1. For residue A:433, all conditions in the list (1) part of a helix (DSSP H, G or I); (2) surrounded by 13 or more Cβ atoms within 10 Å (Cβ to Cβ) hold save one; what is the number of the exception?
2. Has region A:20-30 got any residue that is on the phi > 0 side of the Ramachandran plot and either crowded, with 24+ Cβ neighbours inside 10 Å or touching a helix residue (DSSP H, G or I) at 6+ places or on another chain (Cβ under 6 Å) (or both)?
3. Mind checking which pairs have a first residue in region A:415-438 that is modelled with pLDDT of 90 or more and a second that is surrounded by fewer than 19 Cβ atoms within 10 Å (Cβ to Cβ) and part of a helix (DSSP H, G or I), Cβ under 7 Å, 6 or more apart or different chains?
4. Does residue B:308 satisfy being over 16 Å from the mean Cα position of the chain (by Cα) and either farther than 30 Å from residue B:217 by Cβ or surrounded by fewer than 17 Cβ atoms within 10 Å (Cβ to Cβ) (or both)?
5. Check off (1) under 15 Å from the mean Cα position of the chain (by Cα); (2) over 24 Å from residue A:49 (Cα atoms); (3) away from chain A (no Cβ under 13 Å) for residue B:98 and give me the number that stays unchecked.
6. Condition first: surrounded by fewer than 16 Cβ atoms within 10 Å (Cβ to Cβ) and either within 14 Å of another protein chain (Cβ to nearest Cβ) or in a loop (DSSP other than H, G, I, E, B) (or both). Now tell me which residues in region B:271-294 satisfy that.
7. Please list, ordered by first then second residue, the pairs with beta carbon atoms under 8 Å, 6 or more apart or interchain, first in region A:184-210 and free of Cβ contacts under 8 Å to residues at least 60 places away in the same chain and at the interface with chain B (Cβ under 7 Å from one of its Cβ atoms), second outside any loop (DSSP other than H, G, I, E, B) and surrounded by fewer than 21 Cβ atoms within 10 Å (Cβ to Cβ).
8. Please find, among B:100, B:87, the residue that is farther than 22 Å from residue B:290 by Cβ, touching a helix residue (DSSP H, G or I) at 6+ places or on another chain (Cβ under 6 Å) and either surrounded by fewer than 24 Cβ atoms within 10 Å (Cβ to Cβ) or at pLDDT below 85 (or both).
């Protein structure tokens with residue numbers, strides 16, 4: 001119960017007027033950062049970090065973490081409205097969010113996304129409050145083999161369910177893996193597939209690929225279809241928020257499952273991106289509306305958003321208690337902590353109680369403030385779609401170009417984005433699924449790294465992936481997910497046979 | 001083509017690029033527009049932390065009239081950042097903070113870059129390396145650890161480190177030579193991750209920088225055995241188990257004749273004038289005098305050697321030769337080098 005007392009003390013710290021002002025400012029800045037593709041939470045926090053040096057550490061970290069929440073909320077906006085994910089973990093949100101917007105249900109999709117974000121984050125904060133020490137210890141059990149098993153599970157839970165011909169799914173995924181391999185190989189320190197070009201040293205940044213494949217590809221398609229935005233008839237009405245809320249409780253099971261997946265991924269720390277893909281994949285498989293996924297099913301928005309935010313929030317736990325950032329943004333926050341003389345690690349919870357509980361209390365309040373701010377803006381965001389396409393398309397293009405440029409301050413990336421846009425258009429025309437390609441770009445090199453680290457440690461023996469209960473159970477889950485449809489078919493056939501006999 | 005593309009798509013950024021050339025050097029030069037501080041490593045790492053602290057100090061104490069902007073260019077083990085500054089001919093508004101990848105990246109990857117392409121400004125500090133083991137393991141001294149390594153079959157002891165063919169692996173190879181046994185070196189992305197892998201016993205030892213492992217040491221999870229420097233670190237304040245940084249013996253005194261420190265220094269692009277170099281030297285002297293900088297030095301147990309001018313260039317030259325020898329012996333050189 002000591003934790004509860006500490007938490008209330010934390011609320012007292014977070015509720016000081018200055019801290020509340022800082023919180024609102026942080027959320028608003030964060031939403032803006034999240035909306036601009038490419039700027040991203042990590043860059044945004046890094047840019048704004050020096051602003052906070054003149055504040056007391058607790059206020060500073062409240063502001064920075066609120067920027068982080070804001071960016072998490074903001075990432076969903078462009079995903080749903082324009083099919084441009086502002087952050088890697090928003091990609092899965094586009095799968096159903098964008099079709100919803102096209103059907104004129106942008107407001108519903110946004111409301112569902114924001115509310116799910118809030119639920120996911122809240123679940124993770126409650127977990128941090130109650131079981132912080134226990135969970136932190138769990139993260140230590142994750143070596144390279146366990147990490148690879150998690151990535152394997154993410155791939156499997158996503159691949160097995162694709163409706164496109166398996167050959168096309170695999171082809172798209174292999175293109176993704178090949179693109180992910182470009183640049184420096186972190187295991188041998190050698191350059192791969194750069195063909196002597198210094199521009200390719202960095203490899204293909206995920207964000208460039210996604211802005212091009214999804215955002216530009218979509219604009220090209222719309223242009224071909226005659227410069228029309230199908231979502232133009234979206235109604236501007238705050239009541240739609242309430243209506244959507246009424247329909248949300250029936251998806252409690254999806255929410256809960258996504259929360260658990262998110263927290264698990266955030267703590268391990270695999271991060272929000274695999275969490276969102278995995279959650280979407282599993283929801284699609286077990287939901288009774290599974291066949292509608294990808295065509296504008298609200299559950300397909302709830303699942304990835306809940307998981308991404310639960311993971312994003314839970315990622316702060318290993319950062320505070322172990323000093324390992326669970327996400328790039330958490331890495332920048334970590335740098336901030338060090339500058340204020342706060343050493344994250346096992347002793348932080350003991351030595352800096354006021355700071356830690358002030359931060360945790362600000363997570364509760366920051367999320368609530370964030371939800372209120374973004375929800376009241378839903379009609380405004382949705383109204384953007386009423387602007388004629390011929391006006392908004394050039395604006396989106398400029399936004400994409402700025403986003404691509406700001407990832408590495410490189411004009412080469414802007415050209416690459418255009419190339420990816422054309423590729424995205426061509427693949428869509430030929431009915432190749434883009435999601436497996438993007439999944440491979442995001443997680444491909446991480447999975448490869450973990451795989452090779454494991455094999456280095458085991459001296460080449462694959463047995464390491466089944467060497468203890470933790471890693472074996474994750475791997476087996478992955479295999480089940482991969483062959484789920486085969487298993488299901490087998491069961492159905494067995495049942496019909498017994499029925500016939 | 002590059003300029004054309006940028007002017008078309010991004011007028012603002014292009015104007016910065018296009019204006020970059022040829023500002024006449026007058027007496028007592030001062031920056032006339034924002035200065036970019038390039039970090040050839042990712043966000044959250046040691047170099048990044050130092051760069052952002054410098055940015056904070058300069059902002060807080062108003063040490064510059066123009067803002068300082070930190071930009072990470074980590075591609076190709078930092079090669080992206082070095083090539084960027086190398087191409088900043090006559091652009092005094094771009095400086096870079098380096099780590100050992102100044103030497104190791106061009107040697108290991110063969111990218112067209114050498115530190116002589118840049119203009120040395122100042123050495124800010126040297127980062128130490130410490131041999132760490134998990135606190136639950138029985139070895140209390142270097143000797144006990146070496147005996148355990150020798151007793152184990154070659155390659156079964158795992159050494160975790162940051163990056164491949166970079167400082168941590170160079171030290172590991174030197175250790176192998178000194179001990180006469182083999183480690184399995186496992187590269188990770190960042191120093192913090194390495195420290196946690198040691199706590200979780202996924203590796204048996206690490207050569208983390210002090211700042212990367214100090215939190216785990218204070219939490220009683222890891223144990224320092226020795227420091228790879230010629231003399232013990234200067235900080236006697238107690239950190240954990242009644243011990244301070246000063247109490248960690250040098251590896252040499254423990255029978256491991258290996259010394260390695262890592263440069264944390266500032267360079268400018270080619271063709272910088274003396275006035276411009278002097279401006280930055282004075283700036284960093286002021287930065288080093290602030291209490292925030294002292295705090296950073298203390299928390300990371302840095303060696304606070306400061307060098308400028310020909311002394312600094314000489315030091316860098318010697319280090320380059322040393323890295324070339326070390327990496328050649330380890331077989332880390334890129335083909336064609």
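1. Status for residue A:433: all satisfied but (1).
2. First, pick out the residues of region A:20-30 that are on the phi > 0 side of the Ramachandran plot: none.
Checked against the condition, which is being on the phi > 0 side of the Ramachandran plot and either crowded, with 24+ Cβ neighbours inside 10 Å or touching a helix residue (DSSP H, G or I) at 6+ places or on another chain (Cβ under 6 Å) (or both), region A:20-30 yields no hits at all.
3. From region A:415-438, the pairs are A:415/B:5; A:421/A:220; A:425/A:220; A:425/A:221.
4. So residue B:308 passes the test.
5. The one condition residue B:98 does not meet is (2).
6. If the condition is that a residue be surrounded by fewer than 16 Cβ atoms within 10 Å (Cβ to Cβ) and either within 14 Å of another protein chain (Cβ to nearest Cβ) or in a loop (DSSP other than H, G, I, E, B) (or both), then B:271, B:289, B:291, B:294 are the ones that fit.
7. A:184/A:192
8. Values: B:87 fails: touching a helix residue (DSSP H, G or I) at 6+ places or on another chain (Cβ under 6 Å).
It is B:100.
The values are calculated or read from the model by the stated rules, or taken from the named source; none is laboratory data. Everything numeric in this text was worked out from a predicted model, so none of it was measured. Cβ coordinates were reconstructed from backbone atoms using ideal geometry, including for glycine residues, and neighbour counts include every protein chain displayed.
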